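Colleague: Submitted below is the structure of interest, expressed as C-alpha cells.
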Amino acid sequence: MLLAFAPLAAAGPDCDGGSVRSLRVSPTRLRFEGTITRPGVHHHTLLAGGAAFSFELAAADDPATVLYAASIPATQFVTRGSHTKYDRLGTFPGRVTLRDSKKQADTVVVSIRVAASIAGTGIDRDLRVSFTAGTRCARTCVSPCDLGRGKLRCKSSVGYRPFADEAFGAFLAAPPATTSPLCGVAVDPNPACDFLIEERCILPYPSSFFLHPDLSTPTGLRLAYGPQSLPKNVGNVHVDPTDWNTLDGFSPGPMILALFPDTGSPVAVGPGSDVAFHTNFARSLEADHPVVLMNATTGERIVHFAELDANTTDVTRRALIVRPGRRLDDATRYIVAFRDLVDTLGNPIRPRLAFRAIRDGGTEADLATACGAPCAAAIVARRPVFTDVFQRLQTNGVDPASLILAWDFTTASSSALTDWIRSVRDQAFALGTPSFTVTSIDDGPGGTGRNANIFRRVTGTFQAPLFMTADAPGSRLNLVGGVPAQNNYATVPFVVDIPRVAVNVGGTPQPARPTLWGHGLLGSRTQITSLSLLAQTYNFVIGGVDMQGMSSADVPTVVSLIQDLSQFHFIPERLHQGFLNHLLLGRLMFDGTNGFNSDPAFQFGGVPLIDTTEVYYSGGSQGGIFGVAIMSIAEDFKRGFVAVPAANYSTLLHRSIDFNPYLTLQRAAYPDRLDEEILLALIQQLWDRAEPQGYMNHLIAGDLSTPPVPHKVLIHMATYDSEVSNLGTEIMVRSLGVSQVTPVHRSFFQIPEAAAPFDDSAFVEVDPQRKRCNLPGGGPNPGATCTTDAECPGVSDPATHTFCDPDIPPLTNQAPPYNNGNHGSTGSPAMGQQINEFLKPAGQVEQFCAGPCDPN
C-alpha cells in the first residue's frame, strides 16, 4: 500500500543505525539492500509489536524531499526458515525480504525491490533510507549518489558500528573500511527548533539556543521563539511567542525539563540513580550528584530537586523536571548537566546521538557521511557553546565524558521583570494621593454598629491612574514604546472595616492601625470579613480592593485564557493594575491629610479613626502569594504579614487541589502531557512580572525604590496544605533568607532557625495535626477525624475506612485527592498575638506557642 506521509527522518528519537549496501534508483524502479542493527534483533523479531513496516527514501541534504515512501502492515509478513518476507497479498508493488546478517551481530539485512514511480531521480543528490520496523525507527548512513542517464547510482554508505560502550552489533567478519556510530542521528532542519531532544522543538528547557544577541537589553540577549517553537492545541494552533520574545532571559524560578531516550522503563530518580528529591535537598549539592545545576561563572552548585512528571505513565511523554530549591539570580548564566542515570530496571540512560555527536567530536566531513551535510553543519555550529559548557563543568569537577545531557541558559534581568510595575508605580505616585468617594456607610441600625466586631463598614471608590487599554477584565497593559502609559483613570471600588474598639463608643476613640488584606484565589475585596475578629481583638482598620487580574470579576477571562495560552499574558499584565490599586489603597489609609481620615466616614466624634503612623500589608493564600510581590515594590508599607504564601506558580499548580477544574479545561485544549509541563514552564516566564518569583529577591532590601525601602515580612505556613503546597513555601522562605521561629515542627534544609524575640522577618509553620479515617494509601473520600488507626472505622464511616491518614498531600506533582482543610487553619489566638506584635512601627517577632504552633 503506497502512502504519502510525513518524513520518517523526524519520526522518532534516537533511531537505530543501519547502512546502505547497494542502492539503484530510476524513475520507475528502486532496488535497495541495507541493514538495521538493533540489540538482540533477528529477521523474525524485527517487526514484533509494530503496526507496519515503513520505508522511506529521502534526500540527505533535505529530509523533507522524499523520493519514495511506502508502508506495509506487519501482518503481511511471513517467516519461512531463514527469511521473513512480504507475502505479496497487499498492494505494495514489489518485494521485501528480511534476513539475519552473517557479517554483523544483532543485524537484519533488508532487501527491497519496487516497480513504481520514483520522484526526484533527475537531480544529483545523496540519499538516506529511514524505516519504522516494529516499535522503533531506524536510519542508514548516507549513500553517496551520482546522476547518470536519468538514474541515481549510489555507493555503499559507511558501515554502522555502535558506540563501544553499547555492547551489541559486533562485526562477525571483516568490518567495512569506514564505520560510524551516528547513522541513526537526524537533526531537525528547522532553525527555530533545538535538535537535542527530537520529540519537542523547545526541549531541553530553558536553553540558550533560544536566546539571540540583542545589545539593547541588560543581558545582551533576547528570547527568540519561532512561530512554531511552542506547543500547539487541538486546533493545531501553536502558542504565539510574541509576548515571550519581549524577555531578555528565562525565569529565575524555572521548571528545567528534559526527556531521555525511551528504554521502556522510566528514569529512576530515587533508588538506582540516587537523584535528590525535595525530601533531601542536601543530596543535590554533593559532588557526585547525577544532576548538576551550576552558576556558569562562579561554579557554585545550586540546591535543587528532580522529579518525574507523575501526571502520565507514558515514558515517551514523561518529562524529568528539575526545580531549583531557591530562586536563581537575575541576569545570570547557569549550566544544567545530567550523568549516571539509570531506568527503574537498572539499565543505563545513554546520551542521545545528537548530543554524543556534539560531545565526542568528529569532523564535519565524518558527520556528513552519517547524517548529511546540513545535519553535520548544524551539529558543528553548536560545538563552540558546548565546548565552553564542557570546560566549565570540567573545571568544577564534572567529567564531560560522563555526561548524558548538558546545556546552558541565562535568567532574565531585574529590569525585564520589574520595570513595568516600577514605571506604573512611579507615574501614579507622582500624581499624589488619589481622590476618593464614599458611597455607603454601614454602621448598623441607628448607628449602633454593624456587628459584634465591626462598628462600621465603609465602601466607596477611588480614582486610580489607569495603565490598561481599558478598565475591564481582559484588557492588557497600555504600552507605548514598551513602557506603560497612563490611559485616563479607573474607578476602583474599595471596602474598609473599622472595629468597635477603634470607635470606643462612650469613650475616646482609639485610632486603629491600618492594614490591607489581599484576598484569596479569584476572590474579591469583601473577603476582609474573615478578619473581623482580628480587627476587633487588636484594633486594626482593614481595607480591601479586588486583585484585578485574579479576582472574581476575572474568572471568565481566566477560563478563556487557560484554553488559549497565547493569550496568557493578559493575566500578569492586568495584575499590574491590581498591584497598583493595592499600593494606592495603602496610600489612602496612610495619608492623614488627603487620605481616608479626611472624610467623616472615617471619623467618630470628629476624631480620625485611622492611626497613620504606619500602614501594613496583610494577605492570605493568593493574597499572600501576590503580597510578597506587592510588598517588594511598596514604599508606604514596610512590614507585612502573609498567610500560606508560596512561589512559584509552576511549582504550585499541579500540587494544588484548587487547580483541578482549570487543569481539566486546559487538558481539553492541550491534551499531551509533555506539552502540559512545557506550557506550565512557559507561563511562568510571563507570570514572573506579576508574582513573587520576579520580585522576592528585592523584598528585604527594598531596592526597587530610590532610595531603598527595606521590608520585613512574617510568613505563616499550614502543615500539609492541600491548596498551597508547603514545598513552594519552603522554596520561597529559603530564597528570602528568612529564619524559622523556634521551637519548630519541622526543620528545613538551609532555612536558619532563631529563637524569639527578634526584630526581623520570620517564618512560622502552624501544624493543625488533622487526621482522618481514610482508605489505606489515601483516597478521594475521607472519613471522620481520628488520632489513631483504632478509631477507624468511626461514626458514619464505611467499614473500608480503616487507616488514620495524616492528610499528607502527594509528594509528587499531583493534587491531593481531597481538600484536607489545613489551608485555612493558621488563624489562632497565638498566631493573632504574633501578628499583633509584628505589625507595629517598632514591632518584632514574638513566640506565643508553648511548643511547635498548633491552632487546635
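Colleague: Just going by the charge dipole of the chain, with Lys and Arg at +1 and Asp and Glu at -1 on Cβ, which of S19, G832, P39 is farthest out on the positive end?
Modeller: In the chain, that residue is S19.
Colleague: Relative to the Cα centre, what is the charge dipole magnitude of the stretch 726-856, using +1 at the beta carbon of each Lys and Arg, -1 at the beta carbon of each Asp and Glu, and rounding to the nearest 20 debye?
Modeller: Dipole magnitude for the stretch 726-856 comes out near 200 debye.
Colleague: Probe radius 1.4 Å, ligands and nucleic acids ignored: give me the carbon and sulfur share of the accessible area of the chain as a rounded percent.
Modeller: Details: 16540 of 30760 Å².
Exposed carbon and sulfur together represent 54 percent of the surface.
Colleague: Hey, another quick one. Which lysines, if any, have their Cα less than 23 Å from the Cα of K638, not counting same-chain residues under 8 positions apart?
Modeller: K712, K840
Colleague: Can you find, among V110, I528, P511, the residue sitting farthest towards the positive end of the charge dipole of the chain, where Lys and Arg contribute +1 and Asp and Glu -1 at Cβ?
Modeller: Checked the options; the winner is V110.
Colleague: If you place +1 on the Cβ of every Lys and Arg, -1 on the Cβ of every Asp and Glu, and leave all else neutral, what size is the dipole of the stretch 304-398 about its Cα centre, to the nearest 20 Debye?
Modeller: Charge dipole of the stretch 304-398: 140 debye, to the nearest 20.
Colleague: Just to be sure I understand the model, the point goes 7 Å from the Cα along the line to the Cβ. What's the resulting D599 to F758 distance in nm?
Modeller: Placing both labels 7 Å beyond Cα along the Cβ direction yields 4.2 nm.
Colleague: Now, a different point. Amide H to amide H under 5 Å from G520: which residues, 5+ apart in sequence or cross-chain, H placed 1.01 Å off N in plane?
Modeller: G623
Colleague: Amide H of I302 versus every other amide H placed in the peptide plane: which residues, excluding those fewer than 5 positions away on the same chain, fall under 5 Å?
Modeller: Correct list: L293, M294, N295.
Colleague: Right, something else. Mean Kyte-Doolittle of at least -1.0 and a Cα length of 27 Å or more along the axis: which whole DSSP H helices of the chain meet both?
Modeller: Sorted by number, the helices that extend far enough and score high enough are 373-395, 570-590.
Colleague: What is the chain's relative contact order, in percent, from Cα pairs under 8 angstrom and six or more apart in sequence?
Modeller: Dividing the mean separation by the residue count of the chain yields 8 percent.
Colleague: May I ask for the net charge around S825, where only other residues with Cβ less than 15 Å from the Cβ of S825 are counted and Lys, Arg are +1 while Asp, Glu are -1?
Modeller: Around S825, the surrounding residues sum to -3.
Colleague: Testing the spin-label approximation: label points 7 Å from Cα along Cα→Cβ at L215 and L147. State their distance in nm.
Modeller: Placing both labels 7 Å beyond Cα along the Cβ direction yields 4.4 nm.
Colleague: Taking every DSSP beta bridge that has both residues in the chain, what percent is antiparallel when rounded to the nearest 5?
Modeller: Details: 118 of 153 bridges.
Percentage antiparallel, nearest 5: 75.
Colleague: Karplus couplings for the stretch 269-280 from phi (6.51 cos²θ - 1.76 cosθ + 1.60, θ = phi - 60°), rounded to Hz, Gly and Pro as x?
Modeller: Working through the residues one at a time gives 9, x, x, x, 8, 6, 8, 4, 9, 6, 7, 8 Hz.
Colleague: Given the Cα-Cα distance of V505 and K103 and 0.36 nm per residue of separation, how much length would full extension add, in nm?
Modeller: Full extension from V505 to K103 adds 134.5 nm.
Colleague: Would you be so kind as to identify which of A138, G120, P175 lies farthest towards the positive end of the dipole of the stretch 92-177, taking Lys and Arg as +1 and Asp and Glu as -1 on Cβ and the Cα centre as origin?
Modeller: Looking along the dipole axis, the top candidate is G120.
Colleague: Where does each of 675-687, 811-823 land if you order them by average Cβ count within 10 Å, highest first?
Modeller: 675-687, 811-823
Colleague: Also: What dipole magnitude, in Debye to the nearest 20, does the chain give about its Cα centre under +1 on Lys/Arg Cβ and -1 on Asp/Glu Cβ? List each step's numbers first, then the result.
Modeller: Numbers: 65 positive and 80 negative charges, 649 e Å.
Rounded to the nearest 20 debye, it is 3120 debye.
Colleague: If you don't mind, there's one more thing I want to ask. For V234 and T178, FRET efficiency with R0 = 51 Å and r from the beta-carbon atoms, rounded to 0.05? Each step should come with its number before you reach the end.
Modeller: Numbers: r = 47 Å, r/R0 = 0.92.
The pair T178/V234 has a calculated efficiency of 0.60.
Colleague: Residue by residue through the stretch 637-644, what is 3J(HN,Hα) from phi via Karplus (6.51 cos²θ - 1.76 cosθ + 1.60, θ = phi - 60°)? Round to whole Hz and write x for glycine and proline.
Modeller: 10, 10, 10, x, 10, 10, 9, 6
Colleague: List residues of the stretch 497-535, by number, whose backbone nitrogen lies under 13 Å from a label position 7 Å along Cα→C-beta of T439.
Modeller: Of the residues in the stretch 497-535, 525-526 have backbone N under 13 Å from the label point off T439.
Colleague: What does the charge count near C154 come to, summing +1 for each Lys or Arg and -1 for each Asp or Glu among other residues with Cβ under 12 Å from its Cβ?
Modeller: That sum, taken over residues with Cβ under 12 Å, equals +4.
Colleague: So who's got an amide H within less than 5 Å of the one on F250, skipping anything under 5 residues away but keeping other chains? H placed 1.01 Å off N, in plane.
Modeller: T410, T411, A412
Colleague: Same structure again: Once the piece of chain linking S530 and R383 is laid out straight, how much longer is it, given 0.36 nm per residue of separation minus the C-alpha distance between them?
Modeller: Values: separation 147, 0.36 × 147 = 52.92 nm, distance 5.91 nm.
Extra length available between S530 and R383 comes to 47.0 nm.
Colleague: Rounded to the nearest 500 deg cm²/dmol, what is the calculated helix-only ellipticity per residue at 222 nm for the chain, with -39500 (n - 2.57) per DSSP H run of length n ≥ 4?
Modeller: Value at 222 nm, helices only: -5500 deg cm²/dmol.
Colleague: In a shell of Cβ-Cβ distance under 13 Å around D442, excluding D442 itself, what net charge do Lys and Arg (+1) and Asp and Glu (-1) give?
Modeller: So the environment of D442 carries a net charge of +1.
Colleague: Quick one: 3J(HN,Hα) in Hz for the stretch 471-477, Karplus 6.51/-1.76/1.60 with θ = phi - 60°, rounded, Gly and Pro as x.
Modeller: In residue order, the calculated couplings are 8, 6, x, x, 8, 10, 4 Hz.
The values are calculated or read from the model by the stated rules, or taken from the named source; none is laboratory data. All figures in this text were calculated on a predicted structure; none of them were measured in a lab. Cβ: placed from backbone, ideal geometry, glycine included. Neighbour counts: every protein chain shown. With ligands, DNA and RNA removed, areas are computed over all heavy atoms of the protein, side chains included. Shrake-Rupley method; radii C 1.70, N 1.55, O 1.52, S 1.80 Å.
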